[in-house]
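Enquirer: Sending over a structure as structure tokens; questions will come in a sec.
The values are calculated or read from the model by the stated rules, or taken from the named source; none is laboratory data. Please read these numbers as outputs of a predicted model, since none were measured by experiment. Here Cβ is always computed from backbone atoms with ideal geometry, including for glycine, and neighbour counts include all displayed protein chains. Protein only, heavy atoms only, side chains kept; ligands, DNA and RNA dropped before computing areas. Shrake-Rupley method; radii C 1.70, N 1.55, O 1.52, S 1.80 Å.
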Number of protein chains: 2
Amino acid sequence: MISLTTDRPVSPGYRRAMQSRTPASRTGRPRSAAANAAILAATRQALVELGWSRLTLGDVAVRAGVAKTTLYRRWAGKNELVVDAVAELFDELSLPDRGSLAADIEGVVLQFAAILARPEARSGLMAVVAESTRDEALRERIRASIVDRQKRLVLAGRARAQERGELPPEPDAGEAARTVDLIFDMVAGAVVHRTLVSAEPADEEWVHGFTRVLLSGLAAAPRPG
Amino acid sequence: MISLTTDRPVSPGYRRAMQSRTPASRTGRPRSAAANAAILAATRQALVELGWSRLTLGDVAVRAGVAKTTLYRRWAGKNELVVDAVAELFDELSLPDRGSLAADIEGVVLQFAAILARPEARSGLMAVVAESTRDEALRERIRASIVDRQKRLVLAGRARAQERGELPPEPDAGEAARTVDLIFDMVAGAVVHRTLVSAEPADEEWVHGFTRVLLSGLAAAPRPG
DNA sequence: GGAGTTACGCTACGGCTCGTAGCGAAAGCA
DNA sequence: TGCTTTCGCTACGAGCCGTAGCGTAACTCC
């Protein structure tokens, strides 16, 4: 496994948005940012038309109008490429102030559901998660590119709710962090399971019921007064 | 796609536990039940050692001690084979009476988490779910073999809780069915997300916090009296 | 017991994808 | 003008896919 080429073989610190790599590699021909965007867009398109298992890097290269070798110079393989292509989809998530915690949750969950309704997110996201169970580096890439980036929404929503007095303040930092993780797993997990496994739409009615249970629990009255 | 062989090409109604197919196919050499068990066990073993993407049907055939063609005679492809192999893992789930709804939930969630802690379940389950986003028949197979089979646990738990008076009776059948689906998505989704995406163990502490939120909601006191 | 039917093991095959090597040319920087 | 890095292109061995074909084994019905 000794590479004799002049190109870097794997590009380890290669985060998304390649133009933001500040250190090193100041000389020589820079990598084409346009090619990067074209490759990621072509990957999403291929996910839509072919799904995960039939997606091949050669096909993506043809769609993007670049050579197959360019793909292998920038990404270690199919897993890493799809992670980056899917991660871009989640950057559009936001948390507008809708006046109450319940409304805030419903709003962001509906956004999340809309993203998961797109076929490139459905097949791509679950596939890389499956692969990450046997690839620690890939799991970390997913966490950094997708999960942790969106956990900000939970933090912002909780802070806003505490300002409103809807949630009690949490003095213990460790306990607060665990709660954030729990909420994130419950929200993201429920929407993913509803959309992908149950294969039913996470529409307004479902989101309303979900939010009610999340805030008030099962023991509360099944129908709000 | 015209098969000229004497063997049935796909075996459409081929459920799990082949010995229980009562109608039709009364004559001829029966399919070996031992081979079936060996193939599914070999599939799980290959999932552990290779993961989803590197698992090949030829490799499974060698591990199981059968010919590769036997695999293709019984399953349409890799997807269907892994669904059946993984589905067996979930049959051990049960709902012992632990005295309260909270204890019942915690018990079954811990069982579910234990199954998802096994590598053959982790990589196999998510992979077939990802593939099912582009394969309606596969999604239905997953639903019949795994999801609907375990929804019985939610039904039993709710009935038991209603007998205890912990949950109000639901006169509307449609509303009750939607609630069952919602609970199932929330429970299974949260555990799956915690285990696979967050890659943290769903241990007793986490399950305890999850159950508290599920029953009482976020607005309740963060620490139980 | 024989005939009919189905499943099995085995071999072989074309076709496709993989991931890499090697080359000359292009695009920036000193 | 050199130096460095990336690019497109071609070619290649390797591996897996899914199926065909054949002879044999197992079971049922007559």
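Enquirer: Leaving out ligands, DNA and RNA, and with a 1.4 Å probe, what % of the accessible surface on the range B:31-74 is carbon or sulfur?
Expert: Of the solvent-accessible surface of the range B:31-74, carbon and sulfur hold 55 percent.
Enquirer: Work out the FRET efficiency for A:GLN162 and B:LEU110 from their Cβ-Cβ distance, taking R0 = 35 Å, and round it to the nearest 0.05.
Expert: 0.65
Enquirer: Need the C-alpha centroid separation for the range A:113-137 versus the range B:124-198, integer Å.
Expert: 20
Enquirer: Sort largest first and round to whole Å: the equivalent ellipsoid semi-axes of the range A:31-74, each the square root of five times a Cα gyration tensor eigenvalue.
Expert: 17, 11, 7
Enquirer: Here's something else I'd like to know. Using only atoms on other chains, find how many Cβ atoms lie within 10 Å of each Cβ of peptide B:155-167 and report the average.
Expert: 1
Enquirer: Between copies, how close do the A:ALA176 label points come, placed 7 Å along Cα→Cβ, listed in nm from shortest?
Expert: 4.4
Enquirer: Let me ask another. From the label point of B:PRO96, set 7 Å from Cα along Cα→Cβ, how far away are the matching label points in the other copies, in nm, ordered shortest to longest?
Expert: 5.2
Enquirer: Ordered by packing density, taken as the mean number of other Cβ atoms within 10 Å over each peptide's residues, highest first, how do A:29-37, A:112-120, B:39-47 rank?
Expert: B:39-47, A:112-120, A:29-37
Enquirer: Provide the buried accessible surface between chains A and B in square angstrom, both chains summed, 1.4 Å probe, rounded to the nearest 100.
Expert: Counting both chains, the buried surface is close to 4600 Å².
Enquirer: Moving on to the next point. In peptide B:133-145, what is the residue-averaged number of other protein chain Cβ atoms found within 10 Å of each Cβ?
Expert: That works out to 3 on average.
Enquirer: Average the reciprocal distances over every distinct pair of alpha-carbons in chain B, invert the result, and give the Kirkwood radius in Å.
Expert: The Cα-based Kirkwood calculation yields 19.7 Å.
Enquirer: Using the heavy atoms of the protein chains and a 1.4 angstrom probe, tell me the accessible area per residue for chain B in square angstrom.
Expert: In whole numbers, chain B has 49 Å² accessible per residue.
Enquirer: Another one. Could you work out how far apart the two model spin labels at A:GLU136 and A:ALA117 are, taking each label as a point 7 Å from the Cα in the direction of the beta carbon, and quote it in nm?
Expert: Using points 7 Å along Cα→Cβ, the separation is 4.0 nm.
Enquirer: Relative contact order (percent) for chain A, with alpha-carbon contacts under 8 angstrom and 6 or more residues of separation?
Expert: The value is 20 percent.
Enquirer: Using a 10 Å cut-off around each Cβ of peptide A:176-188, what is the average number of partner chain Cβ atoms that fall inside?
Expert: The mean count of partner-chain Cβ atoms within 10 Å per residue comes to 5.
Enquirer: Probe 1.4 Å, all protein chains in place: accessible area of A:GLU204 in Å², nearest 10?
Expert: Roughly 140 Å² of A:GLU204 is accessible to a 1.4 Å probe.
Enquirer: Sticking with this structure for a sec: Sticking with the crude label model, points 7 Å out along Cα→Cβ, report the distance from B:GLU49 to A:ASP203 in nm, one decimal please.
Expert: 4.9
Enquirer: Less than 30 Å apart at the alpha-carbon level, and either on another chain or at least 8 residues along: which lysines does that give for A:LYS68?
Expert: A:LYS78, B:LYS78
Enquirer: Pulled fully out, how much extra length does the chain show between B:ARG26 and B:ASP148, if you take 0.36 nm times their separation in residues and subtract their Cα-Cα distance?
Expert: Additional length available on full extension: 40.9 nm.
Enquirer: Here is a follow-up. Taking 20 Å² as the minimum loss, tell me which residues in the range B:113-131 lose that much accessible area going from the chain by itself to the full protein complex (1.4 Å probe).
Expert: Correct list: B:ARG122, B:SER123, B:MET126, B:VAL129, B:ALA130, B:GLU131.
Enquirer: Something else about it: I want to verify the translational diffusion coefficient of the protein assembly as shown in µm²/s; compute it with Stokes-Einstein, Rh as the Kirkwood radius over Cα pairs, at 4 °C and 1.567 mPa s.
Expert: The diffusion coefficient I find is 54 µm²/s.
Enquirer: Using the Kyte-Doolittle scale, find the helices of chain A whose mean hydropathy is at least 1.0 and whose Cα atoms extend 15 Å or more along the helix's long axis, counting only whole DSSP H runs.
Expert: Both cut-offs are met by A:33-50, A:101-116, A:173-192.
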